[in-house]
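Scroll down for the structure; my scribbles are underneath it.
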Amino acid sequence: MIDIKDSDYKKSIEGKDVMLLLWADWCEMCLEVIKYLEELEAEFKGRLIFAKVDIEKNPQTCDRFDLIGVPSAYAIKGGKLVDERAGFRPREQYREMVLAICGEGAYNTNT
């Protein structure tokens, strides 16, 4: 899972398939989500990019999203947002997001 900074957001995300997590190191639920995403990264290796942004260190990147709270996960396909989910969610919901990026699930932008 790569760490994205304000300075490299555009080149890391633009036009790509990415499962992105906005998180903070003080957020225990965020650390759990990172574990889930690392497991999914191993399962879907090479099919998309798994990335995270520390909200405390990268405010410009956070401004690109309507951040409600952390953890917040964003499914990006071809550089376009196809799904987003705020708050701690069951593991299966993160898997559904990854499947949507890979073209194996329905896009869900209203969850």
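No value in this document is a laboratory result; all are computed from the given coordinates. The shown structure was predicted, so the numbers you read here are calculated from the model rather than taken from an experiment. No Cβ is skipped: glycine too gets one built from the backbone with ideal geometry, and neighbour counts run over all protein chains shown.
Cβ-Cβ distance below 9 Å, separation of 6 or more or different chains: which pairs start in region 4-32 with a residue that is without any contact (Cβ under 8 Å) to a residue 40 or more places away in the chain and end on one that is part of a strand (DSSP E or B)? From residues that are without any contact (Cβ under 8 Å) to a residue 40 or more places away in the chain, the pairs are S12/I2; S12/V18; S12/I49; S12/A51; D25/D54; L31/W23. Of the candidates E28, E41, E14, the single residue that is under 20 Å from L99 (Cβ atoms) and acidic (D, E) is E41. Looking across region 83-99 at every residue that is in a strand (DSSP E or B) and of a type outside the set (D, E), the one that is farthest from D25 (Cα to Cα) is identified as R85.
How many residues are closer than 12 Å to F88 by Cα and under 13 Å from the mean Cα position of the chain (by Cα) when one looks only at region 32-59?
Initially, region 32-59 is screened for residues closer than 12 Å to F88 by Cα, giving 32-34, 36.
Filter once more, so that each one left must be under 13 Å from the mean Cα position of the chain (by Cα): 33-34, 36.
Final tally of qualifying residues: 3.
The residue that is nearest to Q93 (Cα to Cα), counting only those in region 14-29 that are of a type outside the set (K, R) and over 11 Å from the mean Cα position of the chain (by Cα), is M29.
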